[in-house]
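Here is the structure we will look at.
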Amino acid sequence: MKNNKGQSIFEVLVAIAVISSVLVALVGYVSTALKNSTFSKNISNGTRFTEEAIEWLRSERDASWVQFKARAQASGTYCLSTSPLSSSSWVSTGACAAAQYIAGTIFRRQVTFTCFVSPPTSTPCSNVAVTTIQAQVNTYFIDGQGTHNSSSTTYLTNWK
């Protein structure tokens, strides 16, 4: 009888193949987990920036309905590229340009206003009797999977 005390080259190769397969699968799972974690963080931050804008718009309305209404009527869309938002955030009218990100982020944020009057007319934003302003805030980012958007709409009135 022959006594084999070692491993054959075939057994070693099979063991290396099994270990390699397990490592490749683990790297794939970790990579997917990191990608999903980053995506979830971006969605959460986008929602936070959207909510920040809604709260800021409410405070601007509360500070002066007359100024708020005038800004909504003057330009239907503003790019809100600062965070935190302040009175100087009103300067960028129109949709966000390609390079207008919230500082230090991958996010663009804009608000679009629609004005309503009582009684309704065909050109409500040019009317002085605006009673309600709809503000739609969109915060979006682009990654390898496409464009992702966080959106919120609120209706603002002169409640004071």
remark   = Rounded to the nearest Å, the spacing of the alpha-carbon centers of segment 43-119 and segment 10-25 is 56 Å
request  = Net charge near ALA97: determine it from the other residues with C-beta under 14 Å of the C-beta of ALA97, scoring Lys and Arg +1 and Asp and Glu -1.
outcome  = +2
Entry for percent of Cα pairs over 24 Å apart (calculated from the structure that is shown) out of (i) 52; (ii) 41; (iii) 25 = (i)
Ranked list, fewest to most other Cβ atoms within 10 Å of each Cβ, for LYS41, LYS160, LYS35, LYS69 = LYS160, LYS41, LYS35, LYS69
Principal-axis tilt of helix 9-63 within the chain, Cα atoms, nearest 10 degrees = 10 degrees
note = Per the charge dipole of the chain (beta-carbon charges, Lys/Arg positive, Asp/Glu negative, Cα centre), the residue among VAL130, VAL14, THR82 reaching farthest to the positive end is VAL14
ask   = Can you put GLU52, GLU60 in order, fewest other beta carbons within 10 Å first?
value = GLU52, GLU60
inquiry  = On C-alpha positions alone, give me the angle between the axis of helix 65-74 and the longest principal axis of the chain, in degrees, nearest 10.
reply    = 70 degrees
Amide hydrogen neighbours beyond the local backbone of LEU156, cut-off 5 Å, H modeled = ILE133, GLN134, ALA135
ask   = How much mean residue ellipticity at 222 nm does the chain get from its helices, if each DSSP H run of length 4 or more adds -39500 (n - 2.57) and you divide by all residues, to the nearest 500 deg cm²/dmol?
value = -15000 deg cm²/dmol
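Values quoted throughout were computed directly from the atomic coordinates according to the rules given, and no laboratory measurement underlies them. This one's a predicted model, so the numbers in the text were calculated from it and none came from an experiment. Every residue, glycine among them, receives a Cβ derived from its backbone with ideal geometry; neighbour counts consider all protein chains shown.
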